[in-house]
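Okay, so here's the structure we're looking at.
The values are calculated or read from the model by the stated rules, or taken from the named source; none is laboratory data. What you see is a predicted model, and the numbers here were worked out from it, not measured in a lab. Virtual Cβ from ideal backbone geometry, glycine too; neighbours counted across all protein chains shown. In case anyone asks, the SASA skips ligands and DNA or RNA and just uses the protein heavy atoms, side chains included. Shrake-Rupley method; radii C 1.70, N 1.55, O 1.52, S 1.80 Å.
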Amino acid sequence: MKKEFFGKAFGSDIYNYTIEKDNITLSVMELGATVTALVVPDKSGKGGDIAVGFANAGDYEKFSDNQGATIGRYANRIKNGSFAIDGVRYQIPCNDGNNMLHGNNEFRNAVWALTDSGEDFLEFSYTSPDGSNGFPGTLQTKVRYAIENSALVIAYDAVSDQKTPICLTNHLYFNLTADASKTVYDHLLQVDADSFTEADSELIPTGRILPVAGTSLDFRTAKPIGRDILADAIVQGPGGIDHNFCLGGEAGTLRKAAVLSEPNSGRCMEVWTDLPGLQVYSGNWLREDCGKGGVRFVKHGAVCLETQFYPDSPNQEHFPCCIFEAGEHFISKTVYKFGIL
């Protein structure tokens with residue numbers, strides 16, 4: 001493991017940690033337990049950084065759109081930032097118009113502690129105090145990044161001393177060309193989902209679960225991301241894909257959720273999860289910020305594949321339950337498995 005100073009953010013010195021195994025190089029910094037680099041080989045064996053992000057911690061503070069960050073306490077949106085548990089209503093700050101997005105960025109902006117490490121893994125921890133951003137309970141969280149069998153494995157373990165919603169994910173922005181100045185239109189995406197959660201104009205679920213068949217969101221068979229990215233009203237509103245897919249298979253069991261590939265580089269990535277949903281986001285709001293290597297981002301220059309509970313689950317009784325009892329652990333694993341076409 002290599003440790004290096006990565007700059008200052010939010011008044012703190014931030015360090016970056018790097019591990020290597022199986023021709024994969026992974027770097028994670030303390031701010032947000034954020035993946036800052038993910039280098040994997042292309043079809044010629046040449047390594048390239050497929051994680052879109054910034055060159056130092058200060059730029060993550062100034063420009064971040066959650067690139068590579070650990071997201072919590074609740075990933076995705078909660079309508080009006082409000083939910084009730086056992087008749088008690090809680091209010092979370094609304095940082096996305098009328099709604100809460102990504103726990104009001106608490107986990108992203110926190111400085112995590114490196115609590116364990118080895119040649120092929122890094123483990124970070126963070127404690128969110130009771131009442132932080134309005135959420136009930138003190139939440140103790142661990143995130144473990146490991147390189148195993150040519151895959152990046154992210155393991156989460158979180159527990160609260162009060163009944164509370166928990167939904168953790170990582171917000172990696174992938175561009176398999178290893179060039180953030182290129183769009184992902186030619187990336188091929190396949191998602192193991194027959195349905196998606198319908199959303200309103202603010203991307204809040206209406207409660208209806210609709211079939212992907214006949215829509216722009218039909219990725220049951222692999223197709224280029226750019227083919228239908230603005231093809232119908234579903235994607236035209238948000239300016240691209242920003243939707244939750246209802247994954248097949250049994251939630252709670254690790255299963256393949258999606259496959260992303262890029263023909264020119266030959267890179268291929270499988271996504272595995274034990275959670276019920278996958279948010280696919282096509283970088284609709286990427287700005288022309290300057291990233292690593294002086295490269296400026298472009299709209300649709302990356303795709304996020306975020307494993308999760310469904311958005312607004314605390315307010316939708318028929319969605320998979322995201323409420324955890326006091327002392328009950330949220331334990332989940334996401335696997336990004338790399339190969340060559």
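Amide H contacts of residue 196 (H built 1.01 Å from N, in plane; Pro and chain starts excluded): 210, 212, 246 sit under 5 Å, all sequence-distant by 5 or more or on other chains. In order along segment 23-30, phi translates into HN-Hα couplings of 6, 10, 10, 10, 10, 9, 9, 5 Hz, rounded to whole numbers, per the Karplus curve 6.51 cos²θ - 1.76 cosθ + 1.60 with θ = phi - 60° and x for Gly and Pro. Taking the Cα centre of the chain as origin and assigning +1 to Lys and Arg Cβ atoms and -1 to Asp and Glu Cβ atoms, the resulting dipole is close to 540 debye. For segment 249-319, just say rounded, prolate or oblate: build the C-alpha gyration tensor, square-root its eigenvalues into a ≥ b ≥ c, call rounded for a/c under 1.5, and beyond that prolate if a/b exceeds b/c, oblate if not. In terms of gyration-tensor shape, oblate. Please give the Cα centre distance for segment 311-327 versus segment 88-157, rounded to the nearest Å. For segment 311-327 versus segment 88-157, the Cα centre distance is 17 Å.
Which shape class, rounded, prolate or oblate, goes with segment 1-74 when its Cα gyration tensor gives a ≥ b ≥ c as root eigenvalues, a/c under 1.5 marks rounded, and past that a/b bigger than b/c marks prolate? Because a/c hits 1.5 or more and a/b exceeds b/c, segment 1-74 counts as prolate. Explain nothing, just compute: Karplus ³J(HN,Hα) = 6.51 cos²θ - 1.76 cosθ + 1.60, θ = phi - 60°, for every residue of segment 94-102 in order, whole Hz, x for Gly and Pro. Calculated HN-Hα couplings, in order: 8, 10, 9, x, 8, 10, 8, 10, 6 Hz.
So for each of 204-211, 278-285, 140-147 I average, over its residues, the number of other beta carbons within 10 Å; can you give me the resulting order with the highest mean first?
Listed from highest to lowest mean packing, they are 278-285, 140-147, 204-211.
With the charge dipole of the chain set up from +1 on Lys and Arg Cβ and -1 on Asp and Glu Cβ about the Cα centre, the Cα lying farthest toward the positive end among the listed residues 72, 272, 341 is that of 341. Cross-link partners for residue 182 among the lysines, with Cα-Cα distance under 16 Å and sequence neighbours closer than 8 places in the same chain left out: 292, 299. Pop the C-beta distance of residue 318 and residue 148 into the FRET formula with R0 = 30 Å and round what comes out to the nearest 0.05. Once the sixth-power term is evaluated, E becomes 0.25. With protein chains left intact and a 1.4 Å probe, residues in segment 268-341 average 39 Å² of accessible area per residue. In summary, the lysines within cross-link reach of residue 3, defined as a Cα separation below 18 angstrom excluding same-chain residues under 8 places away, comprise 21.
When each of the peptides 126-135, 3-12 is scored by how many other beta carbons lie within 10 Å of its residues on average, the order from highest to lowest is 126-135, 3-12. Residues whose amide H lies under 5 Å from that of residue 112, counting only those 5 or more places away or on a different chain, are 31, 32, 33; hydrogens are built 1.01 Å from N in the peptide plane. For segment 147-223, what class follows from the C-alpha gyration tensor (a ≥ b ≥ c being the square roots of its eigenvalues): rounded when a/c is under 1.5, otherwise prolate if a/b is larger than b/c, else oblate? It comes out oblate by the Cα gyration axes.
Taking a straight Cα-Cα cut-off under 16 Å and skipping sequence neighbours fewer than 8 places away in the same chain, the aspartates and glutamates within cross-link reach of residue 142 are 30, 106, 116, 123, 157, 161, 328.
Whole-percent P(r), segment 285-334, all Cα pairs, 10 Å bins from 0: 19, 29, 22, 23, 8. Label reach from residue 223 (point 7 Å along Cα→C-beta): in segment 169-200, amide nitrogens under 15 Å belong to 185-196.
Considering just Cα atoms, how many Å³ per residue does the convex hull of the chain enclose? Numbers along the way, then the final one.
Working: hull volume 41.2 nm³, N = 341.
Looking at the chain, the number lands at 121 Å³ per residue.
Overall, the accessible surface of segment 156-308 at a probe of 1.4 angstrom is composed of carbon and sulfur to the extent of 51 percent.
Under 5 Å between amide hydrogens, built in the peptide plane, is the criterion, and for residue 138 it picks out 130, 161, 162 among residues at least 5 positions away or on other chains. Length gained on full extension, residue 130 to residue 22, computed as 0.36 nm times the residue gap minus the Cα-Cα distance: 34.8 nm. The modelled label-to-label distance between residue 1 and residue 284, using points 7 Å beyond Cα along the C-beta direction, is 3.9 nm. Remark: segment 138-143, residue by residue, has Karplus-estimated 3J(HN,Hα) of 7, 10, 9, 10, 10, 10 Hz, where x stands for each Gly or Pro and the curve is 6.51 cos²θ - 1.76 cosθ + 1.60 at θ = phi - 60°.
Rounded to the nearest 500, the 222 nm mean residue ellipticity of the chain from helices alone is -1000 deg cm²/dmol, with -39,500 (n - 2.57) taken per DSSP H run of at least 4 residues.
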